[in-house]
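*Asks:* Would you mind keeping the following structure in view while I ask a few things?
Here, each number is a calculation from the coordinates, and none is a lab measurement. These figures come from a predicted structure and were not determined experimentally. Don't worry about glycine lacking a Cβ; one is built from the backbone with ideal geometry, like all the others, and counts go over all protein chains shown.
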Amino acid sequence: MNQVEILLKQTEETYSWVNRLIGSIPYEKWDITPEVIESNFSWQAGHLLMSFYFHSVMVIAGHQMDIIRQIPLKDYDEIFTTGKPENTVGKFKPDQLMKQLMLVELKSLEIIKSLSDHDLSGALYPSPVLHPIASNKLEALDWNIKHAMWHCGQLGILKRIVHERFDFGLKRNG
């Protein structure tokens with residue numbers, strides 16, 4: 001496996017975890033915002049959508065007009081990047097956020113598949129917002145995976161609080 005294949009596989013697995021965790025909570029519970037965690041599924045889904053777009057699309061290949069035509073990224077930026085989760089309550093339809101999240105995931109995977117190992121050491125696509133972690137494409141894609149899995153932990157805790165424990169499929173021997 002080359003570096004691109006490894007990043008692609010890890011990104012696919014990460015998106016699968018995100019989708020399983022987010023998809024495991026009933027839509028009617030998406031806006032519950034427990035004080036102890038000060039987050040909700042609506043904000044988490046929107047934040048991950050924006051994060052995936054920034055870390056694995058925009059700074060890798062530039063803005064993608066097909067995504068921009070379908071998702072109000074400028075509006076979402078204020079809400080899901082620097083906004084507070086309680087400000088999302090009642091403002092978004094969970095099924096719409098999920099469709100948009102999947103659209104960004106597919107675009108992200110398409111872009112990763114188009115890269116060569118040589119491309120990974122290349123500079124980030126110019127952006128008005130400096131990347132907080134990465135100085136090249138490999139670092140941005142690596143951070144996308146790490147950041148998403150960090151949010152998977154938050155999603156697992158949030159699910160346990162507002163609905164039930166996530167079944168990770170753990171089984172005891174004997």
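*Asks:* Cut-off under 20 Å on the C-alpha distance; same-chain residues fewer than 8 positions from LYS74 excluded. Which lysines are left, in chain and number order?
*Replies:* Of all the lysines, those that pass the test against LYS74 - Cα under 20 Å, at least 8 places apart if same chain - are LYS84, LYS91, LYS93, LYS99, LYS107.
*Asks:* Further question on the same structure: Per q in 0.21, 0.22 Å⁻¹, report the Debye log10 I(q)/I(0) for the range 1-77, using one uniform scatterer on each alpha carbon and no solvent.
*Replies:* -1.09, -1.13
*Asks:* Another question, if that's okay. State the extension gain, in nm to one decimal, for the chain segment bounded by GLN70 and SER121, taking 0.36 nm per residue of separation less the distance between their alpha-carbons.
*Replies:* Length gained between GLN70 and SER121: 15.3 nm.
*Asks:* Something else: Rounded to the nearest 10 degrees, what's the angle between the helix 94-113 long axis and the longest principal axis of the chain, both from Cα atoms, 0 to 90?
*Replies:* 30
*Asks:* Identify which of SER108, SER121, SER51 has the largest mean-square fluctuation in a Gaussian network model of the chain, with springs joining Cα atoms closer than 10 Å.
*Replies:* Per the Cα network of the chain with a 10 Å cutoff, SER121 tops the list.
*Asks:* Expressed as a whole number of Å, what is the distance separating the alpha-carbon centroids of the range 105-144 and the range 3-46?
*Replies:* Answer, in whole Å: 21.
*Asks:* Now for a separate question. Show me the chymotrypsin sites (Phe, Trp or Tyr not before Pro) within the range 101-174 that DSSP assigns to loop and that have at most 14 other Cβ atoms within 10 Å of their Cβ.
*Replies:* PHE168
*Asks:* Of the chain, which part is the longest with no trypsin sites (Lys or Arg not before Pro) in a loop (DSSP not H, G, I, E, B) and with at most 15 other C-beta atoms within 10 angstrom?
*Replies:* No qualifying site falls inside 92-164, the longest such stretch.
*Asks:* Right, another one. Filter the GluC sites (Glu not before Pro) in the range 103-174 to those in DSSP coil with at most 16 other Cβ atoms within 10 Å of their Cβ, and list the result.
*Replies:* In loop regions of the range 103-174 (DSSP not H, G, I, E or B), the sparsely surrounded GluC sites (Glu not before Pro) are GLU164.
*Asks:* Quick check: from the Cα gyration tensor, does the range 76-174 come out rounded (a/c under 1.5), prolate or oblate?
*Replies:* It is oblate, given that a/c is not under 1.5 and a/b is not larger than b/c.
*Asks:* Of ILE60, ILE68, ILE112, which has the largest mean-square fluctuation in a 10 Å C-alpha GNM of the chain?
*Replies:* The residue with the greatest mean-square fluctuation here is ILE68.
*Asks:* Measure nothing fancy, just the Cα-based angle from helix 41-53's long axis to the longest principal axis of the chain, in degrees from 0 to 90, nearest 10.
*Replies:* Value to nearest ten degrees: 0.
*Asks:* Tell me which GluC sites (Glu not before Pro) from the range 20-93 have a DSSP coil assignment and no more than 10 other beta carbons within 10 Å of their own.
*Replies:* Loop-located and lightly packed - GLU35.
*Asks:* Give, to the nearest whole percent, the P(r) tail of the chain beyond 29 angstrom, counting all Cα pairs.
*Replies:* Tail of the P(r) past 29 Å holds 21 percent of the pairs.
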